[in-house]
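Chemist: Take a look at this one; I'll ask things after.
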Amino acid sequence: MYHIFYHPLTPLLSIILAIGSIVPASHASNEDLGIAAARVTQIIAHRGASAERPECTLASAKRAIEVGATATEVDVRTSKDGRLFILHDATLERTTNGEGLASALTLAELQKLDAGSHFDKRFQNERIPSLIEMAELCRGKIDLLLDLKEQGNDYDRKVATVIREYGDPAKTVVGVRSVEQAIRFRELLPEAKQLGLIPTVEDVEAFANAGVEIIRIWPKWLDDGDVPVKRVRATGKKLHLNGGTGEWEETVALLVHNPDSLGGDDPQKLLATLRRIASESKR
């Protein structure tokens, strides 16, 4: 059974469950958009509240918790000494004062780097967190979405072990990138939900058949129409769309497709925009 995530707009959920059609942007009324806004039951802070804090750090996750996001997304990689850490890029240059492949360093070496000054000097003490640290921070406060950057049985088992020992499996969303990984995590962390980070639209059905609860569709895949969304709906799975700014125009463009879950770099703004859309639909 799919877990309904709590969200400040959830009281309107009973109204929209009967709404299954997708409304073209040019015909979406205020009422349609208000219903769509109420449908969104998961607000995912992309790499934490990365518009306000250095991405993929404890500071960005803490900010996501503060502003009321229902989940924070982080990217999981393996260090030279086999430890799991949080970093989006495979290389260090963009978000730290290090150089080269992150996987070429031990966790201790990675955590000596400055992972905050690239964003603002105020965050120069931010470090690359381990998955253990992130899991402990989020436990009991916010859902943790793991974007799994690697594949393989050993990697998957390490991730599952950390979540079982330091996190909360039932409040974990596993971002799987292959059908094999989805099947494996159904055994490793059966309590966790799964988000299918599908590589192409053609993979919708395969991931759905593997048991994922939610499927991500990139907004750019919708430039030529809503066929990808219809394919997701036909499987009975939930729909996740990635945003960025949380601004009105961007959010409306996403709501046209009636997503169940939205992601963004600025969850505080996204939440405010959704509330505003819901409010204005009642006028």
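Chemist: Mind counting the residues in segment 113-155 that are out of contact with any Leu (no Cβ under 8 Å at 6 or more places or on another chain), of a type in the set (D, E, K, R) and over 16 Å from Pro54 (Cβ atoms)?
Modeler: 7
Chemist: Considering only segment 181-189, I want to know if a residue exists there that is surrounded by fewer than 19 Cβ atoms within 10 Å (Cβ to Cβ), within 20 Å of the chain's Cα centre (by Cα), closer than 18 Å to Glu73 by Cα and at pLDDT 95 or above.
Modeler: no
Chemist: Please verify whether segment 92-102 includes one or more residues that are surrounded by 24 or more Cβ atoms within 10 Å (Cβ to Cβ) and closer than 19 Å to Asp265 by Cα.
Modeler: Yes, that holds for at least one residue.
Chemist: Out of all the residues in segment 130-148, which are closer than 21 Å to Gly264 by Cβ and surrounded by 19 or more Cβ atoms within 10 Å (Cβ to Cβ)?
Modeler: Listed by number, the residues that qualify are Met134, Leu137, Cys138, Ile142, Asp143, Leu144, Leu145, Leu146, Asp147, Leu148.
Yes/no matrix, rows are residues, columns are (1) within 17 Å of the chain's Cα centre (by Cα); (2) under 28 Å from Ile65 (Cβ atoms); (3) modelled with pLDDT under 95:
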{"site": "Phe119", "(1), (2), (3)": "no, yes, no"}
{"site": "Gln124", "(1), (2), (3)": "no, yes, no"}
{"site": "Pro129", "(1), (2), (3)": "no, yes, no"}
{"site": "Met134", "(1), (2), (3)": "yes, yes, no"}
{"site": "Asp154", "(1), (2), (3)": "no, no, no"}
{"site": "Leu197", "(1), (2), (3)": "yes, yes, no"}
{"site": "Val204", "(1), (2), (3)": "no, no, no"}
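Chemist: When segment 34-84 is examined, which residues are found to be of a type in the set (Asp, Glu), crowded, with 20+ Cβ neighbours inside 10 Å and out of contact with any strand residue (DSSP E or B) (no Cβ under 8 Å at 6 or more places or on another chain)?
Modeler: Glu52, Glu55
Chemist: Right, something else. Quick test of your reading of the structure: Glu250 fulfils all but one of (1) touching a strand residue (DSSP E or B) at 6+ places or on another chain (Cβ under 9 Å); (2) in contact (Cβ under 8 Å) with a residue 12 or more places away in the chain. Name the failing condition by number.
Modeler: Going through the list (1) touching a strand residue (DSSP E or B) at 6+ places or on another chain (Cβ under 9 Å); (2) in contact (Cβ under 8 Å) with a residue 12 or more places away in the chain, Glu250 breaks only (2).
Chemist: Out of the residues in segment 157-190 that are in contact with a helix residue (DSSP H, G or I) (Cβ under 9 Å, 6 or more places away or on another chain) and in contact (Cβ under 8 Å) with a residue 60 or more places away in the chain, which is farthest from Glu205 (Cα to Cα)?
Modeler: Across segment 157-190, the extreme among qualifying residues is Val162.
Chemist: Can I ask one more? From the list Leu255, Leu241, Leu262, Leu274, exactly one residue is buried (at least 21 other Cβ atoms within 10 Å of the Cβ), within 24 Å of Ile65 (Cα to Cα) and in contact with a Pro (Cβ under 8 Å, 6 or more places away or on another chain). Which is it?
Modeler: Unique residue meeting the criteria: Leu241.
Chemist: Being within 18 Å of the chain's Cα centre (by Cα), polar (S, T, N, Q) and at positive phi is the requirement here; does Asn258 meet it?
Modeler: On the way: within 18 Å of the chain's Cα centre (by Cα): yes; polar (S, T, N, Q): yes; at positive phi: yes.
So Asn258 fits the description; yes.
Chemist: Yes or no: Glu126 in a loop (DSSP other than H, G, I, E, B), buried (at least 21 other Cβ atoms within 10 Å of the Cβ) and among the charged types (D, E, K, R)?
Modeler: yes
The values are calculated or read from the model by the stated rules, or taken from the named source; none is laboratory data. This structure is a prediction, so every number in the text was calculated from the model and none was measured. Positions of Cβ are backbone-derived with ideal geometry, glycine not excepted, and every protein chain shown enters the neighbour counts.
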